[in-house]
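Before any comments, here is the structure.
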Amino acid sequence: MKRIFSGVQPTGSLHLGNYLGAIRNFVGLQDDFECIYCVVDMHAITVWQDPQALKANTREVTAAYLAAGIDPKRCIIFNQSQVAAHAELAWIFNCVTRLGWLNRMTQFKEKAGKHRENASSGLYVYPNLMAADILAYKATHVPVGEDQKQHLELTRDIAQKFNKDVGVEVFPLTEPLIFGEATRVMSLRDGARKMSKSEPSDMSRINMTDDADLIAKKIRRATTDPDLLPGPEVLDERGRVPEAARAARPEAYNLLGIYAALAEKPMAGVLADFSGAQFSRFKAALTDLAVAVLGPVGDEMQRLCADPAAVDAVLRDGAERARAIADPILDEVYDAVGFLRP
Ligand code: TRP
């Protein structure tokens, strides 16, 4: 049986990168897989979160899942801290993972920055908790962005070492599902940087709850270059933008990539439509498209955020169904480790 697990951190307002790179992709998977989508609040607190904001953000990510079209009947939607198995299995994995493995994690190095001595120990063992998220359900496939690939490889290393140590094939080797290049959404201000909630200027990103006027303003002000838009002849034989072309015009290809992703069209088609166009014409079309796609999702998110009781009920139901899967797996793990069970 194929089982998907993925998670989004409730650390601040969700933007187009979260939507195109993660959440929208989750929607299509529910037809073919058993899907478990988590709001990873325990990962969020590896860096300081204001408690009231964390609650609001947890509901906001849940609302985004629902508004994007994830069906809470067919899928399991819940927040991580409601299911104890995540913390329990993470402790076991703290005792499986070698320090050398964690020391190679590039995300820790980036997030801890120069002040490594000041980072929380939770941030350091973050990948062990992520492995626990996935393996508490014996998930076979995990949709993630490029930046999480290394954590997924670690998850496989942990599963393999655990299985070998205890002499039982408890865990599967989970496969990543990496989505296409168009899902790499960059800042509207600087095409070389990822669109991020940590960038100070709100003009650098389109938030999932921005209204039509704000979306229009942000796209109008987005950084461009003086040239006309390129045509499909720039693409390589696989229909992709060559790195050199992208490096020369990062903002142009970012906006074109966003258009392609929102329109769910191949890049070649978008380039054919706008070949030789001025940015002004393209930006007007991009605005209309972004408003058409994000508008209904944002409206539904606003509606759900005004009804926290309904959102909490989804999470409660999801947590119960998640526990029903994870608890027997934890029993199996505890037995394999040698913990006496009641
Ligand atoms: N680390 C992921 C991110 O920042 C979030 C995450 C936590 C996750 N646990 C997961 C993703 C399990 C996939 C599977 O994007």
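The values are calculated or read from the model by the stated rules, or taken from the named source; none is laboratory data. Not measured: the values here are computed from a predicted model. Every residue, glycine among them, receives a Cβ derived from its backbone with ideal geometry; neighbour counts consider all protein chains shown.
In table form, for the structure just shown:
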item: Boolean, Asn103 is modelled with pLDDT of 95 or more, more than 10 Å from the ligand (Cβ to nearest atom) and under 21 Å from Thr174 (Cα atoms); result: no
item: Candidates Gly276, Gly295, filtered to the one that is outside any helix (DSSP H, G or I) and either of a type in the set (Lys, Arg) or touching a residue at least 24 places away in the same chain (Cβ under 8 Å) (or both); result: Gly276
item: Selected residue (criterion: nearest to Phe26 (Cα to Cα)) from residues of segment 59-101 that are among the polar types (S, T, N, Q) and touching a residue at least 60 places away in the same chain (Cβ under 8 Å); result: Thr62
item: Positions within segment 115-154 being among the β-branched types (Val, Ile, Thr) and near the ligand (Cβ under 8 Å from one of its atoms), in sequence order; result: Ile134, Val142, Val144
item: Hey, Pro51 away from the ligand (no atom under 13 Å from the Cβ) and either assigned by TED's automatic domain parsing to the domain that holds Asp327 or among the charged types (D, E, K, R) (or both) or not; result: yes
item: Number of positions in segment 225-249 that are surrounded by fewer than 18 Cβ atoms within 10 Å (Cβ to Cβ) and under 23 Å from Asp288 (Cα atoms); result: 6
item: Among (1) modelled with pLDDT under 95; (2) part of a strand (DSSP E or B), the one test that Asn18 misses; result: (2)
item: Extreme residue, nearest to Met208 (Cα to Cα), among residues of segment 12-61 that are surrounded by fewer than 21 Cβ atoms within 10 Å (Cβ to Cβ) and among the polar types (S, T, N, Q); result: Ser13
